[in-house]
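A quick write-up on the structure given underneath.
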Amino acid sequence: MGRPTITAVLNAHREGLIAKPSLESLKRNVARAQDAGFDVEVLVILDRADRLTRDVVESQSEKDFRLIETTFGDPGKARNFAVETAQGTYVAFLDADDLWGETWLVSAARIAASRQDPVVWHPEVCVYFGAAKHVFCHIDMEDDTFRPAGLAIENYWTALSFSARDIYLQNPYPGTDLTSGFGFEDWAWNMETISRGVIHKIVPGTGHVIRRKTESVSTATVRVQGVTRPNAYIRQFLGTAAKAFPR
């Protein structure tokens with residue numbers, strides 16, 4: 001059997017019963033991708049998962065899903081481990097309390113194959129529910145609306161991305177260290193990849209549904225007034241600002 005085209009990664013922690021619709025979303029995407037001729041493997045990372053989440057995942061998973069328990073307690077490190085373990089040419093991330101639009105894997109895989117340069121793909125729209133309800137439109141770096149300086153102020157893309165496994169291997173996610181005030185690993189990763197020549201683009205006509213939690217790594221980071229780890233992208237704009245506004 002050859003190398004799968006896509007490794008679909010589900011990151012689970014303490015989502016409990018909410019993991020069931022996420023798994024159903026993943027399975028619908030996998031079935032659709034397979035019908036379109038893509039070979040897909042599914043990798044579930046149970047990172048410090050509680051008993052209920054583990055039971056839900058085990059009962060709802062297909063026989064060929066690979067379930068691996070880890071003890072990182074860190075979303076970035078869990079994603080890095082998943083990438084190292086993945087066998088697919090491409091990797092797609094889904095958290096166990098979020099949903100993919102049904103065309104996500106097929107649409108992302110098709111458009112990714114059309115580019116040979118390093119690109120990370122994101123959905124066009126994210127619909128948030130739960131503790132906060134709003135619609136978030138992702139920005140395409142090759143669109144006129146993209147403002148490089150804006151990314152230093154706010155994150156433009158979520159962590160539920162799709163890209164070549166090699167890009168994730170070459171650009172591992174930074175760890176979260178709230179005792180030192182460092183978090184927002186996906187935001188830091190987005191900036192760091194751009195500083196290394198990676199382009200972030202949207203897949204037109206696609207969307208994700210993301211649950212906003214009252215308590216999460218992001219909210220904990222905000223509570224301690226944390227920031228992203230220092231990176232080349234931030235240093236570039238600090239240097240540009242210093243030259244533009246000398247003392």
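The values are calculated or read from the model by the stated rules, or taken from the named source; none is laboratory data. Predicted model only: the values in this text are computed from it and were never measured. All accessible areas refer to the heavy atoms of the entire protein, side chains included, with ligands and DNA or RNA removed. Shrake-Rupley method; radii C 1.70, N 1.55, O 1.52, S 1.80 Å.
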Q.
Suppose a student asked you for the relative contact order of the range 35-118, using Cα pairs under 8 Å spaced at least 6 residues apart; what percent would you report?
A. 30 percent
**Q.** Karplus (6.51, -1.76, 1.60) ³J(HN,Hα), θ = phi - 60°, over the range 67-74, in Hz, Gly and Pro reported as x
**A.** 9, 10, 8, 10, 10, 5, x, 8
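Using a 1.4 angstrom probe with every protein chain in place, what is the largest-first accessible-area order of ASP97, ASP39? Provide the component values of the computation, followed by the final result.
On the way: ASP97 5, ASP39 50 Å².
Most to least solvent-accessible, the answer reads ASP39, ASP97.
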Q. For ASP64, ASP55, what's the largest-to-smallest order of accessible area, 1.4 Å probe?
A. ASP64, ASP55
(Q) For the full complex of protein chains and a 1.4 angstrom probe, list PHE129, PHE136, PHE65, PHE93 by accessible area with the highest value first. (A) PHE129, PHE136, PHE65, PHE93
Q: Pop out the ³J(HN,Hα) list for the range 18-27 in order, Karplus 6.51 cos²θ - 1.76 cosθ + 1.60 with θ = phi - 60°, rounded to Hz; leave Gly and Pro as x.
A: 5, 5, 5, x, 5, 5, 5, 4, 4, 5
Q) Using the C-alpha gyration tensor of the range 43-135, what are the square roots of 5 times its eigenvalues, in whole angstrom, with the largest one first? A) 24, 19, 14
Q: Could you tell me the accessible area of LYS20 in Å² (1.4 Å probe, neighbours in place), rounded to the nearest ten?
A: 80 Å²
Q | Dimensions in Å of the range 90-209 - Rg and Dmax from alpha carbons | A | 14.1, 43
Q.
What percent of all Cα-Cα pairs in the range 92-154 falls into each 5 Å bin, going from 0 up to the bin containing the maximum distance?
A. 3, 12, 20, 24, 20, 16, 4, 1
Q | Backbone HN-Hα couplings from phi across the range 144-158 [Karplus 6.51/-1.76/1.60, Hz, Gly and Pro as x] | A | 5, 6, 6, 10, x, 5, x, 5, 6, 9, 8, 6, 8, 9, 7
